[in-house]
1. Could you tell me whether region 56-162 comes out rounded, prolate or oblate from its Cα gyration tensor? Rule is a ≥ b ≥ c as square roots of the eigenvalues, rounded for a/c under 1.5, then prolate if a/b exceeds b/c, otherwise oblate.
2. In region 369-467, what trypsin sites (Lys or Arg not before Pro) fall in a loop by DSSP, with at most 13 other Cβ atoms inside 10 Å?
3. For the full complex of protein chains and a 1.4 angstrom probe, list L207, L181 by accessible area with the highest value first.
4. In region 214-368, what percent of the accessible surface is made up of carbon and sulfur (1.4 Å probe, ligands and nucleic acids excluded)?
5. Amide H of V59: which non-local residues (sequence gap of 5 or more, or other chain) have their own amide H closer than 5 Å, using H built in the peptide plane?
6. Projected onto the charge dipole of the chain (+1 at Lys/Arg Cβ, -1 at Asp/Glu Cβ, origin at the Cα centre), which of L390, S9, P60 gives the Cα projection farthest towards the positive end?
7. If I ignore ligands, DNA and RNA and count only protein heavy atoms, how much of C141 is accessible to a 1.4 Å probe, in Å² to the nearest 10?
8. For the chain, what proportion of DSSP beta bridges, expressed in % and rounded to the nearest 5, is antiparallel?
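The values are calculated or read from the model by the stated rules, or taken from the named source; none is laboratory data. Because the structure is a prediction, the values reported are computed rather than measured. So basically every Cβ, Gly included, is an ideal-geometry build from the backbone, and we count neighbours across all protein chains shown. Accessible surface areas use protein heavy atoms only, side chains included; no ligands, DNA or RNA. Shrake-Rupley method; radii C 1.70, N 1.55, O 1.52, S 1.80 Å.
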Amino acid sequence: MAIESSTFSPHRSGWEAFTLLRGNELVRRYPFLRDGAPLRRDVEWVGILRAGALPGGAVPAEVYETIRTEIGLALEAQGPFDGVLLDIHGAMAVLGYTDAEADLVRAVRAAVGPGCLVSASMDLHGNVSRELAEVVDLITCHRMTPHEDDDEARERAATNLLRRIDGAGRPRKAWVPIPVLLPGERTSTRLEPARGIYEDVARVGALDGVLDASVWVGYAWADEPRCRAAVVVTGDDEALIAREAERLARRYWDARDEFELVAPAGTYEECLTAVLGSDARPFVLSDSGDNPMAGGAGDVTWTLARLLAEPVFAVPAEAGGRSAIYASLPDPEAARAVADAGVGAVVEVTAGARIDDGPGGPVLLRGVVEHVRTDDPLAGNVCVVAAGGLKVVLTERRRPYHLESDFTAIGLDPRGTDVVVLKIGTLETELYDLAEDWMLMLTPGGVDQDLLRLRHTNLGGPVHPFDGDEAFGEGPDLTPTLL
């Protein structure tokens, strides 16, 4: 069960958020388990259930518990199994729970029994509590952000599982929590110090006596005691894995003040000034505080309201203004009304802030309908409304815009646009390559880059950057726990 959930967002990730896969359809989802792949040759893979969702708000307990129950019953009914490959994110928040993934793995363990090996693949923005590290036998995570190695990490978890099933059995795990909690936009492996740290992780993972090495950044937009960085080094040489786990943890802690945002950053006003003074086209701005792919509600109107009021976007580029795209604003009622009006219609609708109205209420959107799509598999109805030089993408449901084809499919040309404003944090690879320049806009929302504005209260002890160095005395205890 895989989702990243902000506890600072009022959004709730109910049944509509999840896509369920079972049986062979689930097995074939993974490239390394398709017919003919080496990992398929000597092993019978059984697809139990995968419930995957876009990042969002917390999951209602009824949804989580129903999925947990089905997983447990299916494992009992279709077993016994030699091993379980568990595909989780690690930052799933469930209402009423403080460590949902540990609870899920306990249910898996209860279903398969103590003799079955459990191997977990995780996102590096997940959280690894001691309980989670104890109950799984093998654990690994991505080593790149943006995530370009998702399938590689999952394949590593599967490969490690089969290696140990073949006779080596359970390895030992050296687990170290690190009292540092940073957003992903400060820990990109495109930049130092994260790049060097994760190169070191790969080196440690290749040592004789080590099965795997992983470093988790943790998830910054949840307020739970497990939220922090962590190291797990797995292997059979206890002295070696303990030494390397402590060294990696120390390296991460010592670099805590060196992590910088992945791009030049500024307030809305600072970013707009930079855009208007630049010849770069397109100049991409990340409306980062409401990034739906980090858990934001997606319908915060704070930035759009300001763009609609900017004189430079009030008229089309051919009349002396600037061209801009804003992607996107979800509002089911408004999107349906605009779709019904049709291309060419002049519309006036109020939209946005139906879920998260903390930073601002709904906006009044007046303009000409330039494009309508009614069958987007993620967003449902998608409409483009031109308000002067600003083209606003209005959607029925939350949807990320990460690929050039996401825009061209609805009649938009990001390359020929002056400024593209996206609800995103770190640019995905295709957008990164497309942008002539870009900045991270520090905007409010459920995934605010300014963590201190969110007011965490449940981290269970001092954590950087919420607490100063004096709170740690001579430094945190980074002695590994052998599990």
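1. Oblate shape, in that a/c is at least 1.5 and b/c is the bigger or equal ratio.
2. Taking region 369-467 and a limit of 13 other Cβ atoms within 10 Å, the loop trypsin sites (Lys or Arg not before Pro) found are R455.
3. L207, L181
4. Within region 214-368, the accessible surface is 49 percent carbon and sulfur.
5. For V59, the qualifying residues are S13, A93, V94, L95.
6. Checked the options; the winner is P60.
7. 0 Å²
8. So the antiparallel bridges amount to about 50 percent of the total.
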